[in-house]
1. Please give the direction-averaged projected area of the C-alpha convex hull for the chain, in square nanometres with one decimal.
2. Please sort by residue number the GluC sites (Glu not before Pro) in region 188-296 whose DSSP state is loop and whose Cβ has at most 14 other Cβ atoms within 10 Å.
3. Rounded, prolate or oblate: which fits region 45-179 when a ≥ b ≥ c are the square roots of the eigenvalues of the alpha-carbon gyration tensor, with rounded for a/c under 1.5 and prolate only if a/b beats b/c?
4. For region 123-159 and region 206-250, compute the distance between their C-alpha centroids and round to whole Å.
5. What whole-number volume per residue, in cubic angstrom, does the convex hull of the C-alpha atoms of region 246-374 give?
6. I'd like the Karplus ³J(HN,Hα) series for region 160-167: coefficients 6.51, -1.76, 1.60, θ = phi - 60°, whole numbers in Hz, and an x wherever there's a Gly or Pro.
7. Projecting each Cα onto the charge dipole of the chain (Lys/Arg +1, Asp/Glu -1 at the beta carbon, about the Cα centre), which of L315, N225, T19 comes out farthest on the positive side?
8. By how many degrees, 0 to 90 and rounded to 10, does the Cα axis of helix 246-265 deviate from the longest principal axis of the chain?
Amino acid sequence: MYRFDTLAIHAGQPNDAATGAVTVPIYQTSTFGQLEPGVHRGFGYARTEHPTRRALEECLASLEGARYGLAFASGMAAIHNVLSLLRTGDHVVSTQDLYGGAWRIFTKYFAKFGIDFTFVDSSDLAAVERAIRPETRLLWLETPSNPLLKTTDIAACSAIARTAGIRTVVDNTFATPVLQQPIALGADIVLHSTTKYINGHSDALGGAVITDDESLFAELKFFQNAIGAVPGPQDCFLILRGVKTLGLRMARHCENARGVVEYLRANDRIARVHYPEFGAIVSFELDASVDETIEFSKRLRLWTLAESLGSVKSLFCHPPTMTHASVEPEVRRRVGIADGLIRLSVGLEDVRDLIDDIDQALAEVASPRRVACAG
């Protein structure tokens, strides 16, 4: 078995047999000629199967230490694919501090079909056990969580789920397979928004579902084809290109994040820092109103105020008004998403420039406070 960085470049990506091209081609076609009715050369219609997409799916599965991968047009399409396993009356136990888009599709869309969701602090194993019911079908974990970066013991939670006869789903977008591989820890399904670190360049949307279970893969593959929320060949090509440097980029992302965290923790103008000691997402709280926090955001010059994360360019967002705006204010407060929370996606610039930019913005709007650390 090859190691991670080798797999990122080679898995699912042999040199093109027809031409010797060292990069997987963009097969810009929607359909494929058949040898006779119902008999084709491995590809019939691009919604069902596509060679550029297959290369991406095989590579992503390999990086997660699994056999089967499915690519989607977005991370939300990947989430929808997994939720399609559920039926009316089913129940899901989920991390309470999770991506606002996941909260929205859970509570505003699938709930109307009679599927129930319970949200718990999944870092508390007893709380996870208490939430499981006879009708529970999925344990849905985000770790690190979004946006408070709480970590969950995947192996312990997977063991709880297995004992109860339910499947564990892990959203691995923040950590990437560079930092954790949930399948090896007992998870049944791994999710990614490949828009983020896996692509890494803010130029393509995508999602992925990965499993090592053949029967589960067959069911999810059926939903992928039936629903049709698949990426086009150009997006697959761009995401596959990004994968090749994932290991290198994550090393620099993490190094830069540690520098930013060190600065924030030493700064008495920051009320609280959230960081799990790995990864490249950092959240911190200003002891400030929403208006004051927005004023801080306007004064940053190098960091880009934007949705998303995982880009070579440093991004930041204000979760209460952006990524988690669809979460009811009382729910945000209950799970600890403060009005003054800022989430940073630390990019690949010189970390000294990133820190200088935060420092000048804080000098204008934040009063000295005593710092608190989380994670």
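Every number here is computed from the coordinates shown, using simple stated rules; none is lab data. Because the structure is a prediction, the values reported are computed rather than measured. We place every Cβ from the backbone using ideal geometry, glycine too, and count neighbours over all the protein chains shown.
1. Taking the Cα atoms of the chain, their convex hull projects to 19.4 nm² on average.
2. Sites meeting the loop and neighbour criteria: E277.
3. The shape class here is prolate.
4. With region 123-159 and region 206-250 each reduced to a Cα centre, they are spaced 24 Å.
5. Per-residue hull volume (Cα only) is 99 Å³.
6. Result, ordered by residue: 4, 5, 4, 4, 8, x, 10, 9 Hz.
7. N225
8. It is inclined by approximately 10 degrees.
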